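Working notes, beginning with the structure itself.
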Amino acid sequence: MTGLGDRGRGWTGALKRHAAGWGVAGWPLLVGALITGSWYGGIVAFGIPEYQLPPPHRIVEAGLEEREVLLTGAMQTAQASLIGFLISVAGGLVLSILLASSRWAYQGIYPYVLLLKMTPIIVVAPIVILWAGQGLASITVITFLVCFFPIVANTTMGLRSADANLLDLFSVYKAKGWQQLLWLRAPGALPYLMTGLRVAAALTPIGALYGDTVAGMGSGADAGLGFVVLIFSAQFKVPALFAAAFAACVIGFLFVGFVNVFAWWVLHKWHDAYVAVD
Amino acid sequence: MKAAPRKHSAGALVRLVGLGKAFDGEVILRDVSLTVEPGELVGVIGPSGCGKTTLLKLVAGLAAPTEGKVEFGGGPTRRESLSFVFQDATLLPWLTVLDNVALPLKIAGAPRREREAKALAHIERVGLADATRLYPRQLSGGMKMRVSVARSMTVDPTLLLLDEPFGALDEMTRDTLNEELLRLRQAARWTAMFVTHSVAEAVFLASKVIVLGARPSHIAHAIDVPLGYPRSAATRERSEYVERVVTVTRALHSVQA
Amino acid sequence: MTLMWQWISRALCFAALACVVACGPADDAAAPEASGRTAVVLQTDWYPQPEHGGFYHALLTGGYERAGLDVKIRPGANMTNIPQLVATGRVDFALGTSDNLLVAASRGIPLVGVFPHFQHDPQCIMAREGAGVDTLQSLDGKTVMMIPGLPYVRFLQRSLGIRLQLVPMDFSLTRFLSDPTFIQQCFVTSEPYYVSRQGIEPTVLRISDSGFDPYRLAYASAAFVASNPDVVSAFIRASRDGWERYLGGDVAAVHERLAELNPQQTPDFMAWTKRALVDYELVRGDAEAGEMLGRFRHDRLERQLAQLEALDMLDGPVALSDAFAVHLMPPELAQGFPDPLPVASAVETDGGDRTR
């Protein structure tokens, strides 16, 4: 009995040691293998046809086959995402500062920001196209509209939630309004801004892809990823559709990853949440 | 003369005249009148929730009185030259020790070189010369309070307000910091008003202890501490010190009963 | 990164769930109702409209009922996954075009055309006068709003040697009416009516004039056709009869019902559309060219297959006799198909049709 018990302990102990060592890369790989396994298993067990769920190797094949279309599509979408994202960061910061500048501005303007947020993009998109025309301009505006709100909401909250004692400190030394904003509220809002950026970064490719499907333009080979999806869909190229989804995923990963690195770079020196990460 | 030296005998540094404060109709402070002479260290003590911190904020101009007024008069003293040490260290987490200490000078518009030199001097005086480049999260509670004190000194205050400055620290650290504070005073000669809930601390630092009564608070007792400055750890063993601790403790019990 | 992982794992869980649901037993044999009739679903490609008139006629005047069918017509606007719905047995019949059917079949989606309700597709391109377009050729370099990826889009570009800037279809006329240089796809039987009512006379170019000339048809899954030959056969006959009667002028009941289902359609509009169906010979085709209501011509389908092949749109071989339920059709409707129907082949294979 003891022997059995010991062996059991040794086994779990080894597992724990391994878990600590290869946790970063190992677990995702293991889960990925499990998913792929059940993917193939499901296809065989339920007899799922390719037009419903293509097996992974078919998706890889389709991805390689359509690599040029996917690559140009991804580049286009990434470009629209980036421009829309940067504009919403800039616009979001300006609006947040305005909103945080006075109670009057906040109470007067914020309801309209909410109104904009509550209006579904599907309703707004056709109007945007009427105004900005078909193509990159509209896609950028749609992307902007999708990721603008999380930036504004988080940054405004950050700017408005400065510590009361720190505000007192600044009044004791007779700080002017701009000094308080620049040296207290703005740096204090950085962690909030980063949260907003992270949410926005995850939404950005979604906005660009959707923008593509309504405002995209191309002759088939030079279009954004959303447009490519429309084409694949119309042609029943299901494995290629999955490959396009994967490409969109990669763009999302890059965006969120970049923002995470940026946030770490900005905050790790002084912010507790980033101490454990490095 | 056992009391503090009076450089500006021309008049009081701060005079509180019939000061009262109410929040939402509830009266916190009522008819507080007090004169702080230059060089005095006035300790304010009282039951918790009696409005000690409110009193300090009224003096600092961080809150407006509902009755009475705070007069700054006699000599060079204005609100501009007061400094405040908060209950928590209240440091900006994104600034290094050096930048935190230099902040009041930065707000006042001093050039970088000047304010850093001055800040460095004050940092050295509180014994943190090795920590200038560290961020607040890298400091212990006692070190943070030292930074906070150094910061309050950079503007060369004539009046220093301290709101339970070392209340969150362990007793050893606290005693040490109190001794250091008085050492700093020997060099700088500021006048101070501080709030505490420790009788020992009040008597050790103050030239006069004000005991506030329960809400709505007013001044119940004003007790002189006949111990000259400088004081040191040895002061705590003197009979006058012990006597005053007993007196203040009784006064405090009398207002709480 | 963790957020992204959460998102992905959630998506995968959802996908797995969707698969299990989707792959539930697809019942190929249609179930007889208590009434003795067989319940089937016909999924259309748009809101209820006169372009579906014959099917509604068979439904409303009892044609399907007499054929032993309990048909339910399900409208479906702007859906891209209808072939998948048919292939997985979620609906029994659906409307589409023969070119898309062939593309789907080549990608292993087993669909079978059963009844061509239009000999020619009403699909057109219409342009405002300011666009400077009078022929399909003159579309070169223009921006056109149409569904990207469809075979005819590629055919236009390849066969005419032109290049189009495509803009995804939003299925509205807003931009066409507001922009005097706008160009978009349309049904010759529908949009021009609304546009001309706004005082605009559009140039309408029929895609079929380019030589790309598919059928518009009803189709079912191969499995359904194999296990329900009688149902399919009854559906073909009753639908054909419905279309005959609708075109013959028996429109009142149909248009009344269509107006109920889709109130935006006025009697005037529906009469106009029906007239267009007749005038453009969309349903019956050109009798002199051997076309008739409900007929598949082997030579036309062969030509479509060759065109798709040339456009690189086929993933695998397609056997026309598998892709169309010719053995279940009345012989006169399957023209030129080689083997399975002895009667049909005896009569038709000698004709010159196949050499065209």
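The values are calculated or read from the model by the stated rules, or taken from the named source; none is laboratory data. Predicted model, so just to flag it, every value in this text is computed and none were measured. A quick note on method: Cβ atoms are made from the backbone with ideal geometry, for glycine too, and the neighbour counts reach across all protein chains shown.
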- request: Taking B:ALA188 as the residue in question, decide whether it is within 24 Å of B:ILE28 (Cα to Cα) and touching a helix residue (DSSP H, G or I) at 6+ places or on another chain (Cβ under 8 Å).
  value: no
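Can you tell me which residue among A:VAL261, A:VAL229, A:VAL214 is part of a helix (DSSP H, G or I), surrounded by fewer than 20 Cβ atoms within 10 Å (Cβ to Cβ), within 11 Å of chain C (Cβ to nearest Cβ) and not basic (Lys, Arg)? Let's see the steps before the verdict.
On the way: A:VAL229 fails: surrounded by fewer than 20 Cβ atoms within 10 Å (Cβ to Cβ); A:VAL214 fails: surrounded by fewer than 20 Cβ atoms within 10 Å (Cβ to Cβ).
Just a single option satisfies the conditions, and that option is A:VAL261.
Going residue by residue through region C:90-99, is there one that turns out to be assigned to a loop (DSSP other than H, G, I, E, B) and either in contact with a Ser or Thr (Cβ under 7 Å, 6 or more places away or on another chain) or within 13 Å of C:LEU150 (Cβ to Cβ) (or both)? Give the steps one after another, and end with the answer.
Looking only at region C:90-99, we keep the residues that are assigned to a loop (DSSP other than H, G, I, E, B), and these are C:90-92.
Those still in the list that are either in contact with a Ser or Thr (Cβ under 7 Å, 6 or more places away or on another chain) or within 13 Å of C:LEU150 (Cβ to Cβ) (or both) too: none.
Checked against the condition, which is being assigned to a loop (DSSP other than H, G, I, E, B) and either in contact with a Ser or Thr (Cβ under 7 Å, 6 or more places away or on another chain) or within 13 Å of C:LEU150 (Cβ to Cβ) (or both), region C:90-99 yields no hits at all.
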- prompt: Which of (1) touching a Lys or Arg at 6+ places or on another chain (Cβ under 8 Å); (2) without any contact (Cβ under 8 Å) to a residue 24 or more places away in the chain does B:MET172 not meet, given it meets every other one?
  reply: (1)
message: Go through region B:114-143 and report how many residues are part of a helix (DSSP H, G or I), closer than 12 Å to B:LEU98 by Cα and either more than 14 Å from every other protein chain (Cβ to nearest Cβ) or not hydrophobic (A, V, I, L, M, F, W, C) (or both).
response: 13
field: Residues of region C:161-175 that turn out to be among the aliphatic types (A, V, I, L, M) and over 25 Å from the mean Cα position of the chain (by Cα), as a count
entry: 1
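Anything in region A:237-250 that is over 12 Å from A:ALA62 (Cβ atoms) and at the interface with chain C (Cβ under 9 Å from one of its Cβ atoms)? List them, or say none.
Of everything in region A:237-250, just one residue is over 12 Å from A:ALA62 (Cβ atoms) and at the interface with chain C (Cβ under 9 Å from one of its Cβ atoms), namely A:CYS249.
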task: Working only within region A:117-163, note down all residues that are small (Gly, Ala, Ser) and either assigned to a helix (DSSP H, G or I) or within 12 Å of chain C (Cβ to nearest Cβ) (or both).
output: A:ALA125, A:ALA132, A:GLY133, A:GLY135, A:ALA137, A:SER138, A:ALA153, A:GLY158
- prompt: So which of C:PRO192, C:PRO180, C:PRO148 ends up being in contact (Cβ under 8 Å) with a residue 12 or more places away in the chain, assigned to a helix (DSSP H, G or I) and either under 20 Å from A:GLY216 (Cβ atoms) or not hydroxyl-bearing (Ser, Thr, Tyr) (or both)?
  reply: C:PRO192
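Within the bounds of region A:249-256, is there any residue that is within 30 Å of C:LEU314 (Cβ to Cβ) and of a type in the set (A, V, I, L, M)?
The initial filter retains those residues of region A:249-256 that are within 30 Å of C:LEU314 (Cβ to Cβ), namely A:249-250.
Cutting the leftovers down to of a type in the set (A, V, I, L, M) gives us A:250.
Scanning region A:249-256 turns up at least one residue that is within 30 Å of C:LEU314 (Cβ to Cβ) and of a type in the set (A, V, I, L, M).
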- prompt: Which of the residues belonging to region A:164-211 are of a type in the set (Lys, Arg), within 13 Å of chain B (Cβ to nearest Cβ) and assigned to a helix (DSSP H, G or I)?
  reply: A:ARG185
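Does C:GLY54 qualify as being away from chain A (no Cβ under 14 Å), modelled with pLDDT of 90 or more and part of a helix (DSSP H, G or I)?
Values: away from chain A (no Cβ under 14 Å): yes; modelled with pLDDT of 90 or more: yes; part of a helix (DSSP H, G or I): yes.
So C:GLY54 fits the description; yes.
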task: Would you please list the contacts, defined by Cβ atoms under 6 Å and residues six or more apart or on different chains, that run from a residue in region C:319-336 that is assigned by TED's automatic domain parsing to the domain that holds C:ASP299 to a residue that is basic (Lys, Arg)?
output: C:LEU333/C:ARG295; C:GLN335/C:ARG295; C:GLN335/C:ARG297; C:GLY336/C:ARG297; C:GLY336/C:ARG354
Search result, residues across region B:12-49 that are over 17 Å from the mean Cα position of the chain (by Cα) and either of a type in the set (Val, Ile, Thr) or not in a strand (DSSP E or B) (or both): B:ALA12, B:VAL17, B:ASP24, B:GLY25, B:VAL27, B:ILE28, B:VAL32, B:PRO47, B:SER48, B:GLY49
query: If C:ASN100 satisfies every condition in (1) crowded, with 22+ Cβ neighbours inside 10 Å; (2) closer than 27 Å to C:THR266 by Cβ but one, which is the exception?
result: (2)
message: If the requirement is being crowded, with 24+ Cβ neighbours inside 10 Å and either touching a Gly at 6+ places or on another chain (Cβ under 6 Å) or not assigned by TED's automatic domain parsing to the domain that holds A:ALA132 (or both), which of these qualifies: A:LEU197, A:LEU209?
response: A:LEU209
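Are any residues in region C:94-120 among the charged types (D, E, K, R) and touching a Leu at 6+ places or on another chain (Cβ under 8 Å), and if so, which ones? Lay out the reasoning, then the answer.
First, the residues of region C:94-120 that are among the charged types (D, E, K, R): C:99, C:107.
The one that is among the charged types (D, E, K, R) and touching a Leu at 6+ places or on another chain (Cβ under 8 Å): C:ASP99.
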- request: Could you tell me whether any residue of region A:101-118 is buried (at least 16 other Cβ atoms within 10 Å of the Cβ) and among the small types (Gly, Ala, Ser)?
  value: no
task: Could you figure out which of (1) surrounded by 15 or more Cβ atoms within 10 Å (Cβ to Cβ); (2) farther than 29 Å from A:GLY177 by Cα isn't true of B:LYS118?
output: (2)
